[in-house]
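The values are calculated or read from the model by the stated rules, or taken from the named source; none is laboratory data. Please read these numbers as outputs of a predicted model, since none were measured by experiment. Every residue, glycine among them, receives a Cβ derived from its backbone with ideal geometry; neighbour counts consider all protein chains shown. Accessible surface is based on the protein model in full, side chains and every heavy atom, while ligands, DNA and RNA are left aside. Shrake-Rupley method; radii C 1.70, N 1.55, O 1.52, S 1.80 Å.
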Amino acid sequence: MTSAAATAPAAPPAKRDRSHLLYIAVIIAVALGIAVGFAAPDFAKELKPLGTGFVNLIKMMIAPIIFCTIVTGVGSIRSAAKVGKLGGLALTYFIGMSFVALAIGLVVGNVLHPGQGMHLTESVKQVGHTQAASGSEGLVDFLLSIIPTSFASAFTGGVVLQTLLIALLVGFAIQSMGKAGEPVLRGVGHIQKLVFRVLTMIMWAAPVGAFGAIAAVVGETGVDALKALGTIMLAFYITCVLFVGVVLGPMLWFVAKVNLFKLLKYLGREYLLILSTSSSDVALPRLIAKMEHLGVSRPVVGITVPTGYSFNLDGTMIYLTMASLFIADAMGQPLHLGEQITLLLFMMVASKGAAGVSGAGLATLAGALQTHRPALVDGVGLIVGIDRFMSEARALTNFSGNAVATVLIGAWTKEIDKARVEEVLSGRLPFDEKTLLDDVHEAAPAAEVPEQREEGEKELAKA
């Protein structure tokens, strides 16, 4: 007797996931870029447009991804007050961690004094003033820049906070429409799937972008600059590692019971992209997708990640602290503690909105020094040669801080599926590299169980 199972048609074989080949290609491209940068620096500099083009392709997708994620997240929850409380909790955490990062950079900079023994030249002085011309903006200008000139310009201006503002307004509007807004919400969900599909297509250009970006950096910098400024580079990298391992790691474990190293491994491909392009922007869309897949609810991810990219800049805080002390020591004009604190508090405000864009930290540094200690602007040129390598550490640290913040806020608000987190980080529930979305999880995350949801809202009210 033939069984039903034997006569049933065989299921079509699943297509093999070849995405790992892409990241092997990125590693090879980075190695080739370094080799070309050292062997033919003049030619390597001409390859910079390859890296710039790839980063611009990714940036092109950031606004629609943020818009769709926030609209579907905010539009699907019951209470508008919950969104405000969630955003308030996130901003409070971001400000607190900025102070911690400033304090760590302050301690290391005052202990090591990495700027002693450096010398200025006239050409170096001029570079500092050029950077100051494009430096930090005032607080009022920053707040006004959040408001786009038109609805459409929020998607074309490249300012994350403008997209965030428009998305929140649309999400609240859909929320207020009740059942009439459900078709709009489903439509935005379909657009989100389309946008992530386009992103997966763009990602196949990553090896070309990584090759051009790293070749240009090595060709422009050279070995001499790395040797001369090795102390400040090494001190900065060590400080960033200590911040992630000693501050963020224990917090992640005590609050969410999540192992930092497992989380970093889960985000390994994103770190590779950041390392090869020196910009955390290239990993923002994937961080949103991966945090949702991890088990954090869509409202938490949609609000925490985009806001964190403008306000949770831990690596930039450490950079501004150590670079300021380095320049002051190098010029023989050390800052006393009161001047250090005043200058760095100003920089903390001025840096908001300068998300992982290569060179933004340098312009903020020069602009702040021009405002508080003009005599020190001449020294900015001392670190221009290695700023790109320091930009990589800034971007990696900023990205790590935002990933940890998303998990922490999800845990505090009970908007995280802890069982799913364990499944994902153990490798039993792999991330779908083809679609970057998980339909099952996005439809019914465990955090949306009514009892847990109400409990989470009570926690937010307390916060």
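Return the residues of region 322-343 that are farther than 22 Å from Asp387 by Cβ and under 26 Å from the mean Cα position of the chain (by Cα); say none if nothing qualifies.
Residue satisfying the conditions is Ile341 alone.
Which residue pairs have Cβ atoms under 9 Å apart, sit 6 or more places apart or on different chains, and have a first residue in region 157-178 that is on the phi > 0 side of the Ramachandran plot and a second that is open to solvent by less than 40 Å² (accessible area, probe 1.4 Å)?
Partner pairs satisfying both residue conditions: Gly158/Ile62; Gly158/Ala63.
Give region 294-321 a look and list any residue that's outside any helix (DSSP H, G or I) and either over 23 Å from Ile166 (Cβ atoms) or over 14 Å from the mean Cα position of the chain (by Cα) (or both), or say none.
At the first step, the residues of region 294-321 found to be outside any helix (DSSP H, G or I) are 295-297, 312-313.
Those that are outside any helix (DSSP H, G or I) and either over 23 Å from Ile166 (Cβ atoms) or over 14 Å from the mean Cα position of the chain (by Cα) (or both): Gly295, Val296, Ser297.
Report, by residue number, each residue of region 322-340 that is assigned to a helix (DSSP H, G or I) and either in contact with a Gly (Cβ under 6 Å, 6 or more places away or on another chain) or without any contact (Cβ under 8 Å) to a residue 40 or more places away in the chain (or both).
Result: Met322, Leu325, Phe326, Ile327, Asp329, Ala330, Leu337, Gly338, Glu339.
Only one of Ile191, Ile202, Ile214 is in a helix (DSSP H, G or I), at pLDDT 85 or above and open to solvent by less than 50 Å² (accessible area, probe 1.4 Å); which?
Ile202
Determine, yes or no, whether Lys59 is open to solvent by 20 Å² or more (accessible area, probe 1.4 Å) and at pLDDT 75 or above.
Spelling it out, Lys59 is indeed open to solvent by 20 Å² or more (accessible area, probe 1.4 Å) and at pLDDT 75 or above.
Considering only helices (runs of 4 or more DSSP H) fully contained in region 110-177, which possess at least 3 residues that are hydrophobic (A, V, I, L, M, F, W, C) and at pLDDT below 85? Let's see the steps before the verdict.
Numbers: elements: 122-133, 139-145, 153-156, 160-177.
Hits in region 110-177: 122-133, 139-145, 160-177.
Among the residues of region 350-367, count how many are open to solvent by 10 Å² or more (accessible area, probe 1.4 Å), assigned to a helix (DSSP H, G or I) and either out of contact with any helix residue (DSSP H, G or I) (no Cβ under 6 Å at 6 or more places or on another chain) or modelled with pLDDT of 75 or more (or both).
The qualifying residues number 1.
If you check Tyr237 against the conditions, is it part of a helix (DSSP H, G or I), open to solvent by 10 Å² or more (accessible area, probe 1.4 Å), closer than 22 Å to Thr307 by Cα and of a type in the set (Phe, Trp, Tyr)?
Against the criterion (part of a helix (DSSP H, G or I), open to solvent by 10 Å² or more (accessible area, probe 1.4 Å), closer than 22 Å to Thr307 by Cα and of a type in the set (Phe, Trp, Tyr)), Tyr237 does not qualify.
Which ones in region 291-323 are more than 24 Å from Gly84 (Cβ to Cβ) and buried (at least 24 other Cβ atoms within 10 Å of the Cβ)?
Within region 291-323, Leu294, Asp314, Gly315, Thr316, Met317, Ile318, Tyr319, Leu320, Thr321, Met322, Ala323 meet the criteria.
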